[in-house]
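Undergrad: Take this structure first; my questions come after.
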Amino acid sequence: MREPRAYLAPVPFLAILGAGISGFLVANHYAYLSADFCSVASWLDCNEVNQSAWSEILGIPVAAIGLAGFLVLLVLALDLRLREAPRFRPWQMLALAAVGVAFGLYLLGVELLALHLFCLLCLVSLVLGITILAFTALAFWSDRRGTRAPVPPEPAAADPGPKTDP
Amino acid sequence: MKQRECPVCGSAVRPENLRAHIARVHPRAEVKADLPKPAAKATKPVRRLSQRRRETWAYVLFTVIVVLVVIVALLPRGPTVAPPFSLTDVDGAPVALEDYRGEVLFLDLMSTSCSVCQSYTNGTLKTTYSTYLSKVQFLSVDINRERDNVLDGNFRIRAFMQTYGTTWQYALDTDGVADKYGVTGTPTTVIVDRDGKIAYRHVGYETVDEIAGQINRLVT
């Protein structure tokens, strides 16, 4: 089994890409810009979705929440990948990625049931989130297996010690 | 399995664990025997550092590429000289760019189905039109995202005009105006000056004050 950080190699790239897409959607939301490449069909139009009544939660654009999520995932992934002694553990990243995917699925439900149209970039963003979740789950599993590996028993007392030592 | 005897307690210990065993179990014992070195990983940290540096640079480079792509996607595109067009308005009257030469033209490139265009018409254009009626010519062109024929398109535009109570000139884009003006999204506002040059261009919603600032620059 590979070490946990090995599974996280693609995650920073995916998180950067997700942050870029979310950043574009934030600009799209605030500028009321209707990007034509986003209007693929009458049922596939991120301009309409991103400027609808569902595009904000408590005054915060959902794209901005996505941007924050991807940036935090990026920080966690870089910590786990690059630091010799990471401050965070894979389970923390797994929990955040799971929350992000759940939020993305909620937005997909809104598009499907309330708006009856889809946002292409939001779907790409959700796919990125699911991919990050999958890699993080592998890292978490690997980390858990590593933690559960049998530890050699410590000697019960000091000198004179047991006659055998692993 | 190869094992060595601990010089202090006599336990059988793997050679690579002997040093750690003595340090842990007999911390005060002074052992001068030549102990085998623990499993050496002398070269690994150096290799890892180099790998990490390369990886960090890869992340930085990828970030720069993504940021550049996003900026390019957000940049407005379009010509500086207003491309000529020739249309027929919803009442059947011919309308061409040349007709506005010597006047300031407020060109609203829109789509009746675009929700931002609807709020822009209702919230900004109606007020702007009533304020600058005598100084500026107004023309709204529906870019025909629905790909309607002229009859259906004009019917749709008339319904839009009735819904929002607009009274200025509207025409269906039958001359590729959206392509000529590089429309990347709606609403696109283009203000053409008296010389036929594009003096202002904006994609998206704008307030009355923002529009007024641009028009005042040209009509005073």
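Every residue, every condition in (1) surrounded by fewer than 14 Cβ atoms within 10 Å (Cβ to Cβ); (2) away from chain A (no Cβ under 14 Å); (3) under 22 Å from B:Asp179 (Cα atoms), yes or no:
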{"position": "B:Arg52", "(1), (2), (3)": "no, no, no"}
{"position": "B:Leu68", "(1), (2), (3)": "yes, no, no"}
{"position": "B:Val104", "(1), (2), (3)": "no, yes, yes"}
{"position": "B:Ser115", "(1), (2), (3)": "no, no, yes"}
{"position": "B:Ser119", "(1), (2), (3)": "no, no, no"}
{"position": "B:Asn122", "(1), (2), (3)": "no, no, no"}
{"position": "B:Leu133", "(1), (2), (3)": "yes, yes, no"}
{"position": "B:Ser140", "(1), (2), (3)": "no, yes, yes"}
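Undergrad: Would segment B:150-162 turn up any residue that is touching a strand residue (DSSP E or B) at 6+ places or on another chain (Cβ under 7 Å), in a helix (DSSP H, G or I) and exposed (fewer than 15 other Cβ atoms within 10 Å of the Cβ)?
TA: Yes, there is a match, as at least one residue in segment B:150-162 is touching a strand residue (DSSP E or B) at 6+ places or on another chain (Cβ under 7 Å), in a helix (DSSP H, G or I) and exposed (fewer than 15 other Cβ atoms within 10 Å of the Cβ).
Undergrad: Further question on the same structure: Which residue, of A:Phe70, A:Phe103, is touching a Gly at 6+ places or on another chain (Cβ under 6 Å) and either surrounded by 15 or more Cβ atoms within 10 Å (Cβ to Cβ) or at pLDDT 90 or above (or both)?
TA: A:Phe70
Undergrad: Where in segment A:1-106 are there helices (runs of 4 or more DSSP H), lying fully within it, with 1 or more residues that are closer than 30 Å to B:His202 by Cβ and more than 12 Å from chain B (Cβ to nearest Cβ)?
TA: Filter on segment A:1-106 gives A:62-82.
Undergrad: Oh, and also: Any residue that is away from every other protein chain (no Cβ under 14 Å), out of contact with any helix residue (DSSP H, G or I) (no Cβ under 6 Å at 6 or more places or on another chain) and assigned to a strand (DSSP E or B) - is there at least one of those in segment B:171-184?
TA: Checked against the condition, which is being away from every other protein chain (no Cβ under 14 Å), out of contact with any helix residue (DSSP H, G or I) (no Cβ under 6 Å at 6 or more places or on another chain) and assigned to a strand (DSSP E or B), segment B:171-184 yields at least one hit.
Undergrad: Where the second residue is part of a helix (DSSP H, G or I) and of a type in the set (Phe, Trp, Tyr) and the first is within 13 Å of chain A (Cβ to nearest Cβ) and crowded, with 17+ Cβ neighbours inside 10 Å and lies in segment B:188-212, which pairs have Cβ atoms under 6 Å and are six or more apart or on separate chains?
TA: B:Tyr205/B:Tyr120
Undergrad: Return the residues of segment B:79-138 that are more than 28 Å from the chain's Cα centre (by Cα), part of a loop (DSSP other than H, G, I, E, B) and over 18 Å from B:Met161 (Cα atoms); say none if nothing qualifies.
TA: If the condition is that a residue be more than 28 Å from the chain's Cα centre (by Cα), part of a loop (DSSP other than H, G, I, E, B) and over 18 Å from B:Met161 (Cα atoms), then B:Pro84, B:Phe85, B:Arg101, B:Gly102, B:Glu103, B:Ser134, B:Lys135 are the ones that fit.
Undergrad: Looking at B:Val60 and the list (1) exposed (fewer than 13 other Cβ atoms within 10 Å of the Cβ); (2) of a type outside the set (D, E, K, R); (3) at pLDDT below 90; (4) over 30 Å from B:Arg194 (Cβ atoms), which single condition is not satisfied?
TA: Result: B:Val60 passes all but (3).
Undergrad: Something else about it: From (1) away from chain A (no Cβ under 14 Å); (2) at pLDDT 90 or above; (3) exposed (fewer than 12 other Cβ atoms within 10 Å of the Cβ), pick out the condition that doesn't hold for B:Val81.
TA: For B:Val81, the failing item is (2).
Undergrad: Assess whether B:Thr167 counts as being touching a helix residue (DSSP H, G or I) at 6+ places or on another chain (Cβ under 6 Å) and in a loop (DSSP other than H, G, I, E, B).
TA: no
Undergrad: For segment B:187-215, which residues satisfy the criterion of being within 26 Å of B:Arg147 (Cβ to Cβ) and in contact with a Lys or Arg (Cβ under 8 Å, 6 or more places away or on another chain)?
TA: Scanning segment B:187-215 gives B:Thr188, B:Thr189, B:Val190.
Undergrad: Test A:Val40 against the stated conditions and say whether it is under 13 Å from the mean Cα position of the chain (by Cα) and surrounded by fewer than 18 Cβ atoms within 10 Å (Cβ to Cβ).
TA: For A:Val40, the condition - under 13 Å from the mean Cα position of the chain (by Cα) and surrounded by fewer than 18 Cβ atoms within 10 Å (Cβ to Cβ) - is not met.
Undergrad: Quick check on A:Pro61: is it buried (at least 16 other Cβ atoms within 10 Å of the Cβ), over 20 Å from A:Glu111 (Cβ atoms) and not charged (D, E, K, R)?
TA: no
The values are calculated or read from the model by the stated rules, or taken from the named source; none is laboratory data. Just so we're clear, the structure is a prediction, and the values are computed from it rather than from any experiment. Reconstructed Cβ throughout: ideal geometry from the backbone, glycine too, with neighbour counts over all protein chains shown.
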